[in-house]
Every structure is written in structure tokens, then in C-alpha cells.
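Structure, as C-alpha cells:
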Amino acid sequence: MNRRTILAAVGTTTGALAGCVSDRTDGGNAGGETGDEQHAATANGSTGSTDGTVRSHFETEPTRPECELESETVTVKSGGETETAETATTIPYPDPPDSFADDAVVEYVEAFDHAHLTHDVLCDRQGSDGAILSISHAVRARETFDRTDGITHVFLLRAAGATAGVSGNGQKWAADIGYGGVVYAVDETGVARAGFPEARPGKTGELESEAPDPLTDGTLVAAFD
């Protein structure tokens, strides 16, 4: 497998971002899915096909966290003071890319992954105590892989998670999140996604050979008509 191109590296931050990782479909990891997803081929209806389109690799319909939450005003206690704050909102999933050239696909994947994160963090919190105030999605590096003809594989290294919130008793909180990876496969028929939590800044080795393949180890998360 030949690595096609390193598209960009964003930022020089090496420390963690403040926040609490809550990417629930990713098993709560900053970088993506746990071993559960690595064994998800059968559960997600993957056909194990080695050719064809993204959609042809899956027997099931797309699965992804999805809801629509608007911002609300909440009371926050911080440092002995009481104030109000606005809660985080979900970001709509993007429309299919206008072009399937590498640059357009990478731009789409970043937008999709950011939306996926907000839905994953917020959708299952309805009716729970506390609230999320902010969510961070900071992409440090992007890379495309040559794996399957006609299908673009995109790797993102990002720090992704909730960066501030308020507990059930009104106390404001913050925590640290680190970097982790995720890999997408995209073509004109749809999008598949697999977590790559062990990816880290400065990690040596060939990412393409180490990263999971969303077509066999991932989940179909979007289908294009």
C-alpha cells in the first residue's frame, strides 16, 4: 500500500485540550472506537468485499448518532459565583461533497467528523443531569491513503470531546482530552468510519499499514443517493 499524500498538519500544540471526552460510539476515547468496533464487521453488516463501492461493502443501512439539540441557558456555579451559560448544540451532518477529488473529500470528512462528535456527545444526554457547555474538534493532521480504487481513505488526527460542562448540582467542570485518530472511506455511494485511538502525535511507522480499514472494520455512517 502506498501512502499518497500528507495533505496538511494544523497547529503546533503538543499538549492536551481542556475537556472531557464523550465520543460514546467511540467507546469514550479521544481518538475513536475501542476493540468493539474492530469486531464490528458482522454486527454492522460488512460483507468483507475487497472491491466495489463503499456502499457495497455493507449489508445494513447507515448507523450514526443523530438528534437535533438547540442551545439552552443554564445556571453555573464557578469560584463561588453564580452565572448563566449557553449549552452546546449539535452540528448538522454535511451534504455530500460537490467533488470527490482528495481536497474536497478531506474537507467533507473534517466537517462530518465534527458533526459526528457533537451528536455523539449530546444525543444520549437527553434527560440526564448536567449539561455540556462546549465541544472541541481540533484537527492536527490529515492524510489520504491509496487502498481501494475509486475510494478515498482519509485519516484525521484530532483532539475531540467535550471541553466544559456543568454537573447536576450546577458546578462547572473541565477535564483534559488528548489526540487520537479516525479513518474514513468515501466515494460517490457513501461513507464508512473506523476509530484509530492508538494514533498519536509523533507516532512513528507507516500510518497506512497500521490504520484500520473502515470497509472491513468500521461502520457505514452515510449513504448517498
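Points to keep in mind about this one:
- The amide H of VAL76, built 1.01 Å from its N in the peptide plane, has GLU83, THR84, ALA85 as neighbours under 5 Å, considering only residues 5 or more places off or on other chains.
- Proxy reagent accessibility, fewest Cβ within 10 Å first, across VAL139, VAL106, VAL74: VAL74, VAL139, VAL106
- For the stretch 63-73, Karplus couplings with θ = phi - 60° (6.51, -1.76, 1.60), whole Hz, Gly/Pro x: 10, 6, x, 7, 6, 9, 10, 9, 5, 10, 8
- Span from the the stretch 150-219 Cα centroid across to the the stretch 87-124 one, whole angstrom: 12
- Sorted ascending by nearby beta carbons within 10 Å, beginning with the fewest, PHE100, PHE155 become PHE100, PHE155.
- With neighbour counts taken as other beta-carbon atoms within 10 Å, the residues ASP95, ASP103 rank, fewest first, as ASP95, ASP103.
- Toward the positive end of the charge dipole of the stretch 160-225, with +1 on the Cβ of Lys and Arg and -1 on the Cβ of Asp and Glu, the farthest Cα among ALA175, ALA192, LEU220 is that of ALA175.
- Using θ = phi - 60° in the Karplus curve 6.51 cos²θ - 1.76 cosθ + 1.60, the 3J(HN,Hα) couplings for the stretch 183-190 round to 10, 10, 10, 9, 8, 5, 9, x Hz; x is entered for Gly and Pro.
Read-outs throughout are calculated quantities, based only on the coordinates presented, and are distinct from any laboratory measurement. Everything numeric in this text was worked out from a predicted model, so none of it was measured. Methodologically, a virtual Cβ is constructed for each residue, glycine included, from the backbone with ideal geometry; neighbour enumeration extends over all protein chains shown.
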